[in-house]
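The values are calculated or read from the model by the stated rules, or taken from the named source; none is laboratory data. Every value quoted in this text rests on a predicted model; they were computed, and no experiment measured them. Neighbour counts run over all protein chains shown; Cβ positions are idealised from the backbone, glycine included.
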Amino acid sequence: MTFVQLVDYETDRPEEVEKVFDQWMKATEGKRTVMHEMHGQDRDMSTHFVDIIEFPSYQAAMENNQLPETQQSADQFRALCKSEPRFVNLEVKREEIKQK
């Protein structure tokens, strides 16, 4: 079953967060289990961000989390946040996809 993680955080250093993400993408090429990822910025509060990360399963998310590169990037990411990020872990129960 598909698993989605929401990461809700605040930062006044979004460019540095993007650099950490870019470094992680390069370092985990061919290893990461992420299927789809979106980064969103709150239109009403410019320091508020939400990332939506999709995995094929909870187990795949945990495998991704155990990568040393993920651990290192997570530490760097947390240091750039104003407070501890909030993680919401969701088992996808239903999904609708718009047909073109």
Search result, residues across region 4-47 that are in contact with an Asp or Glu (Cβ under 6 Å, 6 or more places away or on another chain) and either hydroxyl-bearing (Ser, Thr, Tyr) or not in a helix (DSSP H, G or I) (or both): Val4, Val7, Thr28, Thr33, Met35, His36, His39, Thr47
Per the filter on region 48-77, residues in a loop (DSSP other than H, G, I, E, B) and of a type outside the set (S, T, N, Q) are Pro56, Leu67
Every pair of residues 6+ apart whose Cβ atoms lie under 7 Å, when the first sits in region 1-17 and is basic (Lys, Arg) while the second is part of a loop (DSSP other than H, G, I, E, B) and surrounded by fewer than 16 Cβ atoms within 10 Å (Cβ to Cβ): none
Which residue pairs have Cβ atoms closer than 6 Å, lie 6 or more positions apart in sequence or on different chains, and pair a first residue in region 73-100 that is on the phi > 0 side of the Ramachandran plot with a second residue that is surrounded by 10 or more Cβ atoms within 10 Å (Cβ to Cβ) and at pLDDT below 95? none
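Does Thr11 fit the bill of being among the hydroxyl-bearing types (Ser, Thr, Tyr) and under 29 Å from Lys93 (Cβ atoms)? Step through it out loud before you land on a result.
Working: among the hydroxyl-bearing types (Ser, Thr, Tyr): yes; under 29 Å from Lys93 (Cβ atoms): no.
Here the answer is no, as Thr11 does not meet what is asked.
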